[in-house]
Amino acid sequence: MKTKLSLLALCIAGFSCTSAMAATDPAQLEQAIAKQEAELNKLKHDLAELAAQQKMQLKQQEEQAEVVATARKELTESKWNKFSFKSYGSMTYTSDEYYQNVQDTSPERRGRFDLERIVTEFGYQFNDEWDMEVEIEYEHGGTGTALEYDGFDEFGEFETEVEAGGEVMIEKAELRYRPSDEFGVKFGNIHLPIGLSSILHKPDQYLTVLRHRSEAAMLPAVWNEMGVGIFGEMANFHYQAQVVSGLNSEYFRTYDWIASGHQKRFESVNADDLAYALRLDYGNFKKGSAVGVAYYYGNTTGNRHKSNKVSGDGTVSILAISGAFVQGPWILRGQYLNGTLSDADGITQANKTTPGLKPGNFAQVGSESEAFFVEAGVDLSHFTSIPVTVFANIDYSNPLADVDTGTASKRYENTWTSIGINYFPIAEIVIKAEAGRQQVAVSSIPDTNFFALGVGYQFSL
């Protein structure tokens, strides 16, 4: 700007000089005019350069501001992109005919509502190889009870701390290192790959209103334990191998075999006896068709708070065979479970005399247990505009398939058959209805009928 003013001053001075000489010397006047024109042209050139420089500076400033804004946005987005959040849940209404006890032969109908579960999953991706996931489950709308073993003040009894009517628990809390698709390591509180419910546990991943009764009568629900495992996939084969905390046989029961021996009920988990789990699948159960086999092996006596009450190891072994065919409108899934328990009679006798367990009308624990289910469905949305799947299902369980001594009771051998529908108003929500019959393998006990309604959801951010 100073240059511009200087040039204007020179022009004015030049005009004054040439005006003064105009009357006396035409030649000098011509020279003065030429000089003035040259100065004016230079002024125009300087002004044009100045304008171009200002325009360039403005453009550079705008570009720098855009780069800064983009960098800030990318930094913010990259931080939030490392986080993930998922949730699923279900609410149910059931109308069942119940027996008051194992001697009862006249069932009573009872209707019940249940906020079955709400599950939240939080994840964080540290980098391309490391990530973590925490899954918290809220069951039956409360915070539940905790069992604590007190070996001194209560003479070696179990104390129950009642906090609310339901249960809140960490169902998964694992760190994963996966440098490649073929190999990965995870450790923490991890899901065991035994039973399809550990793989297909969201409401839209099974057809029945409740998770399969056959598996619930034999295994812990969505079985998880503290431990470490390896996993990976090669040529559509998926494998898992784990070393985890074992079960506690103090809570093995007639009606659900080893399911209640899951140590989630205790404030701390005994790990004197570890367990081992293997699984190999071909295909992907979550995405569609697959076949798989799994095996579990572990001793349990060392995890008892009073391990001297059982002389044997109390070894649990479980074989699981599962398959799924999902193609077009057709859905077919099934699973067979077979398990054995050594020293079952010794565990039965020990549990009857352990203070604080209060087994009530306690019966024998099975030395062998078996269960299976088959569900078949047709997705009618392939034929109509209605997003409905109709299905039929059969569940069978016998936690007393065999016993160490005496004759196994047939009272706990159950078969459930049912038909139902799944309706999807939107992809993230399913509404279910199911009606069926339960049969006990005792001729004097009449068959009972059940009806269930449910609504479930799942989403991810």
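The values are calculated or read from the model by the stated rules, or taken from the named source; none is laboratory data. All values reported here derive from a predicted model rather than from experimental measurement. Please note: Cβ atoms are built from the backbone with ideal geometry, for glycine as well, and neighbour counts cover all protein chains shown. To get the accessible areas, we keep the full protein, side chains included, count just its heavy atoms, and leave off ligands, DNA and RNA. Shrake-Rupley method; radii C 1.70, N 1.55, O 1.52, S 1.80 Å.
Assorted remarks:
- Scan the stretch 106-137 for residues that are surrounded by 12 or more Cβ atoms within 10 Å (Cβ to Cβ) and outside any strand (DSSP E or B) and the total you get is 3.
- Residue-level check: of (1) more than 30 Å from LYS82 (Cβ to Cβ); (2) open to solvent by 40 Å² or more (accessible area, probe 1.4 Å), GLY420 misses just (2).
- The condition (being closer than 30 Å to THR92 by Cα and open to solvent by less than 10 Å² (accessible area, probe 1.4 Å)) is satisfied by just one residue among LEU210, LEU192, LEU200: LEU192.
- Checklist (1) under 25 Å from the mean Cα position of the chain (by Cα); (2) under 23 Å from LEU219 (Cβ atoms) applied to SER342, failing item: (1)
- Among the residues of the stretch 328-349, those identified as open to solvent by 20 Å² or more (accessible area, probe 1.4 Å) and polar (S, T, N, Q) are ASN338, THR340, SER342, GLN349.
- In this entry, VAL243 is excluded by the filter for residues that are of a type in the set (A, V, I, L, M, F, W, C), modelled with pLDDT under 95 and open to solvent by 30 Å² or more (accessible area, probe 1.4 Å).
- Pick from the stretch 432-452, criterion among the hydrophobic types (A, V, I, L, M, F, W, C) and surrounded by fewer than 17 Cβ atoms within 10 Å (Cβ to Cβ), ranking: nearest to the chain's Cα centre (by Cα): ALA433
- Residue among TYR295, TYR251 that alone is open to solvent by 60 Å² or more (accessible area, probe 1.4 Å) and either within 28 Å of ARG117 (Cβ to Cβ) or at pLDDT 95 or above (or both): TYR295
- Qualifying residue in the stretch 454-461 (condition: part of a strand (DSSP E or B) and over 25 Å from the mean Cα position of the chain (by Cα)): no
- Close pairs (6 angstrom Cβ cut-off, 6 or more residues apart or separate chains): aliphatic (A, V, I, L, M) in the stretch 327-339, in a strand (DSSP E or B) and surrounded by 16 or more Cβ atoms within 10 Å (Cβ to Cβ) anywhere: ILE331/GLY377; LEU332/ALA376; LEU337/ALA320; LEU337/ALA371
- Selection from the stretch 182-223 of residues that are of a type in the set (A, V, I, L, M), under 16 Å from ALA275 (Cα atoms) and either free of Cβ contacts under 8 Å to residues at least 12 places away in the same chain or assigned to a loop (DSSP other than H, G, I, E, B) (or both): LEU192, ILE194, LEU219
- Among residues of the stretch 52-80 being at pLDDT below 85 and open to solvent by 80 Å² or more (accessible area, probe 1.4 Å), the one that is farthest from ILE118 (Cα to Cα) is ARG72.
- Residue satisfying all of: in the stretch 254-268; assigned to a loop (DSSP other than H, G, I, E, B) and surrounded by fewer than 18 Cβ atoms within 10 Å (Cβ to Cβ); modelled with the highest pLDDT among these: TYR255
- Test: residue in the stretch 350-365 that is on the phi < 0 side of the Ramachandran plot, open to solvent by less than 50 Å² (accessible area, probe 1.4 Å), of a type in the set (A, V, I, L, M) and at pLDDT 95 or above: no
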